[in-house]
Amino acid sequence: MAAQQSELPALSFPLLPKKGIIRASDQEKAFEVQPLDQLPGFLLASACQNLKINPPTLHLGWRIDDALLVRLCKERGIVPSHENLKEYLKDDGYVFNSDDGSEEEEDGKPGFVHKMEAFRRRCEELQLNVFPDLAPICDPSTKTMGYAVTVLSNYNFEDGELDRAEWPKIMREFGLEGQPKWYIDYVEWYWK
């Protein structure tokens, strides 16, 4: 009796290269890619070293709720504002006019940089041996950019994944469930 292979999904662009020019509108296809249980070997960057083209970036991890990241920002006082930017730039020697009008702008919602900082600080508080990454992904459940807590990518596969002993702590803290899956990157979603 032959061993039964796990069923791989039918692959198409952007998991396979596209003939012709990549257009911004092609990214819509990346939002249709469901997370993969297994990464096909040809999507490893190391497998493409002899080709003139590199695969899209894929991240092994769990989708994280954006509201949780916003909450982490608020709890740690990480909010976007021009005053925060001014303080940061003052450390580098920049000087600002008091009448430049920037005080009139309102604080906005936390962006990726703010969420990444809050996530990093929370990982420090957890005293993890190695920190997972927070990666922007093409989220097929919302058809928008989402985030994933990631332990590996197809470009650092040779380095090995984050210590599995840390996974339960990370999963509990960030409300992650199930086995990690491979998500396509929001920025590097195409063959290049």
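Things worth noting here:
- Scanning the range 177-186 for residues that are surrounded by fewer than 17 Cβ atoms within 10 Å (Cβ to Cβ) and under 23 Å from residue 73 (Cα atoms) returns a single hit, 177.
- Look at (1) at pLDDT 90 or above; (2) on the phi > 0 side of the Ramachandran plot; (3) not β-branched (Val, Ile, Thr) and you find that residue 183 fails only one, number (2).
- Extreme residue, surrounded by the fewest Cβ atoms within 10 Å (Cβ to Cβ), among residues of the range 53-67 that are modelled with pLDDT of 90 or more and more than 15 Å from the chain's Cα centre (by Cα): 67
- Test: residue in the range 63-71 that is in contact (Cβ under 8 Å) with a residue 24 or more places away in the chain, in contact with an Asp or Glu (Cβ under 9 Å, 6 or more places away or on another chain) and not charged (D, E, K, R): no
- In the range 138-192, the residues that are of a type in the set (A, V, I, L, M, F, W, C), touching a residue at least 60 places away in the same chain (Cβ under 8 Å) and within 21 Å of residue 68 (Cβ to Cβ): 138, 148, 149, 151, 171, 174, 176
- Of the residues making up the range 117-176, just one is of a type in the set (Phe, Trp, Tyr), surrounded by fewer than 19 Cβ atoms within 10 Å (Cβ to Cβ) and in contact with a strand residue (DSSP E or B) (Cβ under 8 Å, 6 or more places away or on another chain), namely 167.
- Of the residues in the range 92-107, not one is at pLDDT 90 or above, of a type in the set (Asp, Glu) and not in a helix (DSSP H, G or I).
- If only residues of the range 71-87 that are exposed (fewer than 14 other Cβ atoms within 10 Å of the Cβ) and closer than 15 Å to residue 119 by Cβ are counted, the one that is modelled with the lowest pLDDT is 77.
The values are calculated or read from the model by the stated rules, or taken from the named source; none is laboratory data. Predicted, not measured: the structure shown is a model, and the values here were computed from it. Heads up, the Cβs are rebuilt from the backbone with ideal geometry, glycines too, and the neighbour counts pull from every protein chain shown.
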